[in-house]
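First comes the structure, then the notes that go with it.
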Amino acid sequence: MLRSLHMKLVMLMVLLILSLMTVVGVFLVNSVRGFYLEEFYSQMSTVFRDPDLSQDLRTPTGEGEDNVELLRSVLAAYSGSLGVDGINRKFYILNGASGEVLASSSGDPGSEDLVFTPNLTAALRGENGDKSSIAAGYMDVALPFQRGDASYIIYILDNTAVLSNLVDQIFVLIVEALGFGLVIAILLSFLLSKTMVTPIQRLTEGAMRVAKGDFSHRIQVSSRDEIGVLTDTFNNMARQLRDTIRQVENERNKLDTLFLHMTDGVVAFSKEGRVIHSNPAANQMLQCAITGETTYDALFGEVAPLENVLDAPDYLEQERELSGRYLDLLLAPFDRGPHVGALVVIHDVTEQRKNEDLRREFVANVSHELRTPLTNIRSYAETIAESVGEMPPGTEKRFLGVILNESDRMTHIVQDLLTLSRFDSGRDDLKPVRFPFDVLLRDLYNAVYMEAQRHNHTISLELPEGLPQIRADRERIMQVLMNIVSNSIKYTPNGGTIQILAGQEGESVWTVVDDNGIGIPPKDRSRIFERFYRVDKARSRQSGGTGLGLSIAREIVERHQGRLELLDKDGPGLRIRLTLRIEGPDHEAS
């Protein structure tokens, strides 16, 4: 409310009236006080300069006469000239040496209790006391004189009650005038603000229309003052802006063509082959600093001549390899008119190439993994079929056992592939429940204990007290841990040591599986979670591995928004750490 121009003008006028009336009131009151004080001392000076009064005050009296009574009667005779009324202004006759009140205009000196003012103090020192401050609540004058051998002081004191009444009346007048002034100021300020704000509101409405893209609206000019000039200028600005935007449309067509095929880097060339535009991505992909002096031949001359690009009906597509990166180039002309030029759009397809290679490798691995058991099954089955009734006792049963084992191996491969396929398609949803993490680890320990004993391994479980319950898919987490511990048992020579540790860090729990087995060479650590990747393929197949276990484990952990990572370790063996959120996936701390 106070931010509106209406209220600002009203408050400005109110403050102006208040300030003006305050200054006038203070000036008027001080002037009245000063005039009244000056008039008092002027009156006192005129009276006491009268030679007759001076002679009457200083002429000694005869024997038996009362000097004080004579002095009081003399001053009483001049009471009218002195303005003494006995109520607001009084006179006193004091002993010039002690300051004792000897007589007063009231006739009862004993009832008077005077305060020794600066003027009275000056008179006791033999000086005329005829000065008072405008801020004092009284006016006084003290004049010392000699009458014969005795010294006296005539003291006139005015309590300024008349002045105070006058000041009160002036203050009332000022307040009344202030009230009328405020009413008039508020009315005038509203009229003035209405006159000023209305054209400003029109300008604001016009500016909002321009901001929305409407340049056709014209604001009516209702005056020729500064606001009228501003309104007219705004109308001209809107018209000029509309014309400028129309001119920019042609330039925007170039930009539309420039970014039509853009995926990453973009470089535009003039028909002479000089760079007219490039973005930072192009500098990064081409691994050079592209400036206005860079030419087309220096960047893409070996890919396609500039003339071929300018004459191309649509665009040319080329490919270039640079420092191990594969770049797909789209070269197209823009603006077939006199400002013809060439536009090169650069796509980095390195990741696509890698994905294609991975897909080919994946297909090859799947084919190889399935071909091996199929070959064994066919070979043993053909041998049995050809030697029915002729095989030594027990041989046929042993061959059938091999066939069953190879079938189980194929089943495991297919199941793992289906699991990964469901993960990739997002169809394998988690089933999170809340369960004690330490109980899960004890179940894991009990499940693998006998297998570890068959290899003469020493397996241990170290759990701290107070491990919390976690929210996760219990079966999937058990699958991950079982895969990790099983690998440790398989790839640790007989008589090895396997440790399962656990703990809590903030809002997460962790478990570490540490063994002293064959470990993983540094060159293979970054690929250990890839599908079908095995460090020692012959030994992995001999132990029944498919190369998919850790890939599935990583997929499960990532779906839980956790981490599965290899830790550095001094000495032989492998250390894998699993970290899970206590509150499970998609949980935000409040």
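One table, with the values for the structure above:
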item	result
Test: residue in region 446-456 that is open to solvent by 40 Å² or more (accessible area, probe 1.4 Å), outside any helix (DSSP H, G or I) and either among the polar types (S, T, N, Q) or touching a residue at least 12 places away in the same chain (Cβ under 8 Å) (or both)	yes
Scope region 286-319; condition touching a residue at least 12 places away in the same chain (Cβ under 8 Å), under 45 Å from the mean Cα position of the chain (by Cα) and open to solvent by 30 Å² or more (accessible area, probe 1.4 Å); matching residues	Q287, T291, G292, E293, T295
Qualifying residue in region 195-204 (condition: open to solvent by less than 80 Å² (accessible area, probe 1.4 Å) and closer than 30 Å to T22 by Cβ)	yes
Evaluation of N253 against (1) under 30 Å from V340 (Cβ atoms); (2) in contact with a helix residue (DSSP H, G or I) (Cβ under 6 Å, 6 or more places away or on another chain) (one fails), failing number	(2)
Among the candidates F190, F180, F171, F145, residue that is open to solvent by less than 50 Å² (accessible area, probe 1.4 Å) and not basic (K, R)	F145
Region 195-205, subset within 13 Å of I227 (Cβ to Cβ) and without any contact (Cβ under 8 Å) to a residue 40 or more places away in the chain, residue farthest from the chain's Cα centre (by Cα)	T195
Condition met for I153 (open to solvent by less than 10 Å² (accessible area, probe 1.4 Å) and not in a helix (DSSP H, G or I))	yes
Sole residue being closer than 25 Å to L114 by Cα, modelled with pLDDT of 85 or more and basic (K, R), chosen from R58, R72, R33, R89	R89
Residue satisfying condition, being touching a strand residue (DSSP E or B) at 6+ places or on another chain (Cβ under 9 Å), modelled with pLDDT under 85 and more than 18 Å from G86 (Cα to Cα), within set E112, E100	E100
Hits in region 444-482 (condition: within 20 Å of D514 (Cβ to Cβ) and acidic (D, E))	E451, E462
All positions within region 155-183 that are closer than 30 Å to I227 by Cα, among the aliphatic types (A, V, I, L, M) and touching a residue at least 40 places away in the same chain (Cβ under 8 Å)	L182
Residues satisfying the stated conditions in region 322-342, i.e. open to solvent by less than 70 Å² (accessible area, probe 1.4 Å) and modelled with pLDDT under 80	G324, F334, D335, G337
Test: residue in region 107-126 that is open to solvent by 60 Å² or more (accessible area, probe 1.4 Å) and closer than 21 Å to T59 by Cβ	no
Residue within region 155-171 that is within 60 Å of the chain's Cα centre (by Cα) and closer than 30 Å to M7 by Cα present	yes
Exclusive hit being in contact (Cβ under 8 Å) with a residue 12 or more places away in the chain, under 15 Å from L578 (Cα atoms) and not in a helix (DSSP H, G or I), set I484, I459, I477, I500	I500
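The values are calculated or read from the model by the stated rules, or taken from the named source; none is laboratory data. Predicted model, so just to flag it, every value in this text is computed and none were measured. For neighbour counting, all protein chains shown are included, and Cβ atoms are generated from backbone atoms with ideal geometry for every residue, glycine included. We work out accessible area using only protein heavy atoms, side chains counted, and drop any ligands, DNA or RNA first. Shrake-Rupley method; radii C 1.70, N 1.55, O 1.52, S 1.80 Å.
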